[in-house]
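What follows draws every value from the coordinates through simple rules; no lab data is involved. Remember, it's a predicted structure, so these values are computed and weren't measured experimentally. Cβ sites come from the backbone with ideal geometry, for glycine too, and all protein chains shown count toward neighbours.
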Amino acid sequence: MAFHQDSLVFKVRRCEAELVRPARPTPREHKRLSDVDDQEGFRFQIPVIQFYRCDRSGRDPVQAVREGLAQALVFYYPFAGRLRELPGRKLVVDCNEEGVMFVEADADVTLDQFGDALQPPFPCLEELLFDVPGSSAVLDAPVLLIQVTRLKCGGFIFALRFNHTMSDAAGLVQFMKAVGEMARGADTPSVLPVWERELLDARDPPRITCTHREYDQVEDTKGTLMALDDMDHRSFFFGATQMAVLRGRMPPHQRNSSTFEILTACLWRCRTIALQPDPEEEVRVLCVVNIRTKFDPPLPAGYYGNVLAFPAAVTRADRLCQNPLGYALELVKKAKADVTEEYMRSLADLMVIRGRPHITAVRSFLVSDTTKAGLGDVDFGCGKVVYSGPAKGGVGAIPGVASFYIPFRNRQGENGIVVPVCLPAPAMRRFMQELDTLLKEPAPTSATTDKKSTFVPSSL
């Protein structure tokens, strides 16, 4: 169930980029990001894309989004500002009303022409989310870039690139919903934004109380990190049938594990086999975990900063690849279970003590579940969403490491999860072979281990 970008080509006519400012004056001030927000691993831009089918309302989507954005920025005015860096690498938002970068465009293509291409990697993505010169820096540049592209069929594409230091997916969706509400005529957003980033600042004095293997500093002695442009980009669909096969491969006592846990264990193992690291080297999977619900007292409703941790499961490559899948699953489950409010406090303290380090990228695989983020619920009042989610896999301060789990309905009407994966071409071929074997062979009746080879198709 793999998808690779096909030959669909179309032309996009763009207007000159403009800056959309808040519709009314907003406070001119500096707002500090939290010690979780401004870590190195969030200092990059994430592309998000939404495809909307025409609803015959007759309203121009460009005008609707532009007006909704200007009204929403009155409440979310830090998004119209610029990031500055203070001593100690501390980031603050200069709330100066400079505005959000906005691009109006038209494409000579219909929604139906995309066919199976309505999943990453998208044809002509660079035309649907144009990198306006000078707009992509983390500091002293727009923290949001939005492009609205009208389609020949009356539908439209809403594409956005946002600076991850400002928000996580939940915070971004909160803002996008506010833009939609204002575009539909609301006077105020249904959820009012709360800044209060000091709630996730380091303690005084800071103290690391938990183990954070996700921030181990590992040297790339084997040249494993590659440029994203040199990689093969494909998407893989996992519906009820595929998940039933994967679940059936787990020992009986593990089959009630979550879809995220089972899928992560399987993809981590397949990817490691495909990359062929040295058997004794450590490999890790980092699970992006939203811990908004684990704070006591709770974080205020409307808080839109980053509330994410990256707990890591770590093991030797030979152990991961030779053991049955249940071994990887146990490691993933334990890593997720480690995340508590204390873990988050310890993480913020680590950032201050160690100078805001990057997450470990060498021999790492990072997975982020966006299936419950709510991107598909964003309504601008002029179309029904047919795809919503990250625009491509592999994005991040270190390219090629991350995959997203994106809610998706295929052309047969089956709901499931689509996962974009980036790997060097030879490794992608091995990954597809390993995954195909995992999904097509009958599930074993008992756990078996084939230790003849570490990295060719191994025990399932």
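Tabulated results
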quantity: Extension gain, Arg292 back to Arg409 (0.36 nm per residue minus Cα-Cα distance, nm); calculated: 39.3 nm
quantity: Inverse of mean 1/r across different Cα pairs in the chain, Kirkwood, Å; calculated: 23.0
quantity: Amide H contacts under 5 Å for Asp201, placed H, 5+ residues apart; calculated: Asp35
quantity: Rounded to 10°, Cα long-axis angle of helix 425-440 versus longest principal axis of the chain; calculated: 70
quantity: Residues whose placed amide H lies under 5 Å from that of Leu144, excluding near-sequence neighbours; calculated: Met101
quantity: Hypothetical label at His30: residues of the range 68-109 whose amide nitrogen lies under 13 Å (7 Å Cα-Cβ projection); calculated: 82-96
quantity: Net charge, Gly154 excluded, C-beta distance under 11 Å - Lys, Arg +1, Asp, Glu -1; calculated: +3
quantity: Residue-span extension gain [Lys384 to Glu196] - 0.36 nm each, minus C-alpha spacing; calculated: 64.3 nm
quantity: Exposed trypsin sites (Lys or Arg not before Pro) absent: longest stretch of the chain, with sites in DSSP loops and at most 10 other Cβ within 10 Å deemed exposed; calculated: 57-410
quantity: Nearest-ten-degree value, helix 61-75 long axis tilted from longest Cα axis of the chain; calculated: 90
quantity: Förster-model FRET efficiency, 45 Å R0, Leu8 and Thr209, C-beta, rounded to 0.05; calculated: 0.30
quantity: The chain: angle of helix 169-183 to the longest principal axis, Cα-based, in degrees nearest 10; calculated: 30
quantity: Set of lysines with alpha-carbon distance to Lys334 below 22 Å, sequence-local pairs under 8 removed; calculated: Lys294, Lys372
quantity: Extension gain (nm, one decimal) between Arg59 and Asp436, 0.36 nm per residue minus Cα-Cα; calculated: 131.2 nm
quantity: Antiparallel bridge percentage (DSSP; both residues within the chain; nearest 5); calculated: 80
quantity: Leading residue at positive end of dipole, the chain (Cβ point charges), from Ile417, Met344, Pro205; calculated: Ile417
quantity: Alpha-carbon centroids, the range 229-254 and the range 64-130: separation in whole Å; calculated: 32
quantity: Lys, Arg +1 and Asp, Glu -1 on Cβ, resulting dipole of the chain about Cα centre, debye, nearest 20; calculated: 820
quantity: Using a Förster distance of 45 Å, the FRET efficiency for Ala186-Glu280 (Cβ separation, nearest 0.05); calculated: 0.15
quantity: Selection from Ala80, Ala427, Pro189 lying farthest towards where the dipole of the chain points positive, charges on Cβ; calculated: Ala427
